[in-house]
Amino acid sequence: MDKSLDIEKIIMHKFENNRRLFLVKFKGYEIYTWLPLIDIEISSYNLIMDYFISKKIKTLPPLSIKQRAKNLYNMLASISEEDLNIFVQQFDNFILPKSKLDILMQDLESLIDVNREIELNEKQIQQLRERVLTEICIQRRSEQLIKLQEQEWMYNRICDNRVPLKICNNRDFAILPEYLTYVNEYIASDGIYIPCTPPEKFFGCGSTNSFKKHKCSKSCACMALFEVTPAYNKEGLLSLNRRKAIHECNKMCNCDEDCRYRVVQRGCNVKLLIFRTATGTGWGIKTLEFLPKGTFIGRYVGKVIPWEEGELLSKSNGREQYLFDIDCYKMDNGHSKYTVDAYYYGNFTRFINHSCEPNLTVFNVWINSLDNNLHEIAFFTKRNVANGEELTFNYRKVFKYCKCGSFQCKPQK
């Protein structure tokens, strides 16, 4: 706003994009324009107070000092969500002071007399505004922590990880997407059947006539049947020098749940944190413990849709993309038959961010579904990962503005 123009009168107000806007008339000009509170000169605040009083005087008695103090508080609190997130960054690690709302309201009331105008200089207004915004941040943070705690409880109630997930946001006031339904397995879309048991001709390893569970060795019959070498060592770590997909023992096998070839199906056994990143990539996943090379992290799950439908979604600008092709085997058209869409249905792996120099690698895994087009998608560490390090994998796509920050970063030129 041109600082040389003085406001003569407040005509009306409205709310737009969570902001209160005022239609003002300038002195000496037939100029009317909409202004947010932050763009209105300090000396004109009394006009805003008079405007609110005049709008209520027809049906209500003059506002009390407490009411006028509350109105002043609300006007000072006028701020966009983006600007509020910027304001809160002044508090290190999102640690906010204790609320002093009662003292603040008393101070506002002491400035107000219904029979005179409010006379405050710019420094006083700025100090009051900072105190008001701090109180807003305290209230928003309290509400956010309650919601994140609820989401953490809900995720862990459903999640099949052997170690509970943690959720933390010390960057802004965001919570995890409420439209996300947490799932542990693929969800079939209409017309798609996902086998949950191997075909009858597959007998699995061990004797199915024995009640005694056997221990698989390097010579497991499953590995021999699929003509593959064992994927894991005795500690359950993946041998990363392999090129073939992974086959695990399944429902038809007579080995116990602790079988060395039942790693992916047992779920994640790692302490993980869903956190808000500082790089502008939204939510991410980090480990809360040291991870040796070859550690299983999780399966990418969601709604299984035809590849063609996923292709249409990938070209849509209406939503974020959480698409992953099940592409160990290609169709005649050179594409996979199915795609996993983790936008509405998914687990913690949907929050794993991209990096041009990732610490995770992806393997195709067959367990109970032996359909070539419906294998599992599993993440393993490709190197030792330090405690507190963010987990990432390479999305294998071109980014115009890549935010991974690695030395190998290759954004589009």
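The values are calculated or read from the model by the stated rules, or taken from the named source; none is laboratory data. What you see is a predicted model, and the numbers here were worked out from it, not measured in a lab. Cβ placement follows ideal geometry from the backbone for every residue including glycine, while neighbour counts extend to all protein chains displayed.
Filter the stretch 316-332 down to the residues that are at pLDDT 70 or above and touching a Lys or Arg at 6+ places or on another chain (Cβ under 8 Å) and list them by number.
Scanning the stretch 316-332 gives TYR322, ILE326.
What's the total number of residues in the stretch 84-102 that are in contact (Cβ under 8 Å) with a residue 12 or more places away in the chain, within 17 Å of PHE173 (Cβ to Cβ) and not polar (S, T, N, Q)?
7
Please state which of the following conditions CYS220 fails to meet, knowing it meets all the rest: (1) surrounded by 20 or more Cβ atoms within 10 Å (Cβ to Cβ); (2) hydrophobic (A, V, I, L, M, F, W, C); (3) under 29 Å from MET154 (Cβ atoms).
(3)
In the set ASN359, ASN353, ASN373, ASN364, which member is under 18 Å from the mean Cα position of the chain (by Cα), of a type outside the set (D, E, K, R) and buried (at least 16 other Cβ atoms within 10 Å of the Cβ)? Spell out how you get there, then give the answer.
On the way: ASN359 fails: under 18 Å from the mean Cα position of the chain (by Cα); ASN373 fails: under 18 Å from the mean Cα position of the chain (by Cα); ASN364 fails: under 18 Å from the mean Cα position of the chain (by Cα).
Just one listed residue meets the conditions, ASN353.
Just wondering, is there one or more residues in the stretch 161-172 that are polar (S, T, N, Q) and assigned to a helix (DSSP H, G or I)?
no
Conditions (1) charged (D, E, K, R); (2) crowded, with 21+ Cβ neighbours inside 10 Å, marked per residue:
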position	(1), (2)
PHE226	no, no
THR229	no, no
ALA245	no, no
ASN254	no, no
ARG262	yes, no
PHE275	no, no
VAL301	no, yes
LEU313	no, no
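Return the residues of the stretch 277-299 that are surrounded by fewer than 17 Cβ atoms within 10 Å (Cβ to Cβ) and aliphatic (A, V, I, L, M); say none if nothing qualifies.
ALA278, LEU288
Please tell me if SER110 is within 23 Å of the chain's Cα centre (by Cα) and at pLDDT below 90.
no
Go through the residues of the stretch 172-188 one by one and say whether even a single one is closer than 23 Å to ILE297 by Cβ and free of Cβ contacts under 8 Å to residues at least 24 places away in the same chain. Spell out how you get there, then give the answer.
From the stretch 172-188, those closer than 23 Å to ILE297 by Cβ are 176-177, 180-187; that's our starting set.
Imposing the further condition that a residue be free of Cβ contacts under 8 Å to residues at least 24 places away in the same chain reduces the set to 177.
Yes, there is a match, as at least one residue in the stretch 172-188 is closer than 23 Å to ILE297 by Cβ and free of Cβ contacts under 8 Å to residues at least 24 places away in the same chain.
Name the single residue, out of those in the stretch 185-206 being within 19 Å of ASP160 (Cβ to Cβ) and hydroxyl-bearing (Ser, Thr, Tyr), that is farthest from the chain's Cα centre (by Cα).
THR197
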